[in-house]
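Heads up: the structure comes next, in structure tokens.
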Amino acid sequence: MVWLPGGQFLMGSREDRGDPDQRPRHVVNMSGFCMERTEVTVGAYGRYWALRGHPQELAPDEGLNCNWRRADRVDHPMNCVDWRAAREYCEWPGHPGGSRRLPTEAQWEFAAHGPEGGRYPWGDGVPGEQVCWSGVSPRLGTCPVGASRRDVTSTGLVDMAGNVAEWTADLYASQYMVPDAAVPIDPTGPESTPDGLRVFRGGTWAISVPSGLRAATRGRHTESMRARGVGWRCVRGPSVDDP
């Protein structure tokens, strides 16, 4: 895992950039936390699944562009897994050091561009061939984690823009809930929503437009979605629920 010391950053997009659900842009204070350097890999999930006794409800989908049971994809990100299975993986107490959890939206975006505030995880330069996406030439699936030489943050996190998007813990709201006075500290999403959609962050190997790789870009879907372009990574701290 990578330690992120926390700090203050601007969350969301300016009025002239991004979609309406990325606004209002606002200042957020973040406490320090640890995040996994890479997305959860097929190999890591396979070991976990075996230790859990091969529960069928935690088995990922198989099929076109799904990585499960692919011997040549052990070092690729795990995809085709729904939100509940991703959460259960993170919260499993058998991980070295104990249980983890899915990141909040604020944690994810802070990790993606931090106080520097670059448009992309690596800064403002437009993505090219060194990112796992389809904007230069179409891809037929994911890449090995960490293979994209440009898609690296200043703290060493990899694949925050391409490869697969990543589930977060938060429910989706069409705009950020910003307090009138105090700067929020470690904010989370709404406690409940009518549709129960969950947020995922980051771009995917199938995206062909640069805006889809921006650190502020948001996606949402039902908890039951098992998409070839969505995976996850876990965090530890700060939370009263952390061991």
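The values are calculated or read from the model by the stated rules, or taken from the named source; none is laboratory data. Keep in mind that this is a model prediction, so the values were computed, not measured. Every residue, glycine as well, gets a Cβ built from its backbone with ideal geometry; the counts of neighbours run over all protein chains shown.
Against the test of being farther than 24 Å from T38 by Cβ, within 18 Å of the chain's Cα centre (by Cα) and of a type in the set (G, A, S), the options G202, G189 yield a single qualifying residue, G189. Does L4 satisfy the condition of being surrounded by 13 or more Cβ atoms within 10 Å (Cβ to Cβ) and touching a Gly at 6+ places or on another chain (Cβ under 8 Å)? Taking the combined requirement at face value, the residue satisfies it.
Considering only residues in region 75-93 that are under 15 Å from the mean Cα position of the chain (by Cα) and not in a loop (DSSP other than H, G, I, E, B), the one that is surrounded by the most Cβ atoms within 10 Å (Cβ to Cβ) turns out to be P77. The residues on offer are P103, P96, and the sole one that is in a loop (DSSP other than H, G, I, E, B) and surrounded by 24 or more Cβ atoms within 10 Å (Cβ to Cβ) is P103. Taking the criterion of being at positive phi and modelled with pLDDT under 95, the only residue of region 199-243 that qualifies is G237. Restricting attention to region 184-219, the residues being farther than 18 Å from R150 by Cα, surrounded by 20 or more Cβ atoms within 10 Å (Cβ to Cβ), out of contact with any helix residue (DSSP H, G or I) (no Cβ under 6 Å at 6 or more places or on another chain) and of a type in the set (D, E, K, R) number 0. With the structure loaded, tell me whether M225 is closer than 18 Å to L10 by Cβ and more than 12 Å from the chain's Cα centre (by Cα) or whether it fails that test. So M225 does not fit the description; no. Of all residue pairs spaced 6 or more apart or on separate chains, those with beta-carbon atoms under 7 Å, a first member in region 7-34 that is among the acidic types (D, E) and a second member that is crowded, with 16+ Cβ neighbours inside 10 Å are E15/R23; D21/R218. Restricting region 34-60 to residues that are small (G, A, S) and part of a helix (DSSP H, G or I) leaves a set whose member that is farthest from G162 (Cα to Cα) is A50.
When region 124-152 is limited to residues that are among the hydroxyl-bearing types (S, T, Y) and under 24 Å from V74 (Cβ atoms), the one that is farthest from the chain's Cα centre (by Cα) turns out to be S134. Taking G141 as meeting all but one of (1) at pLDDT 95 or above; (2) within 18 Å of E109 (Cβ to Cβ); (3) among the small types (G, A, S), write down the number of the exception. In the conditions (1) at pLDDT 95 or above; (2) within 18 Å of E109 (Cβ to Cβ); (3) among the small types (G, A, S), G141 misses (2) alone.
Of the candidates S154, S174, S134, the single residue that is more than 25 Å from C80 (Cβ to Cβ), touching a residue at least 60 places away in the same chain (Cβ under 8 Å) and among the small types (G, A, S) is S174. Scanning region 44-70 for residues that are in contact (Cβ under 8 Å) with a residue 24 or more places away in the chain, surrounded by fewer than 16 Cβ atoms within 10 Å (Cβ to Cβ) and more than 16 Å from D82 (Cα to Cα) yields L51, R52, L64, R70.
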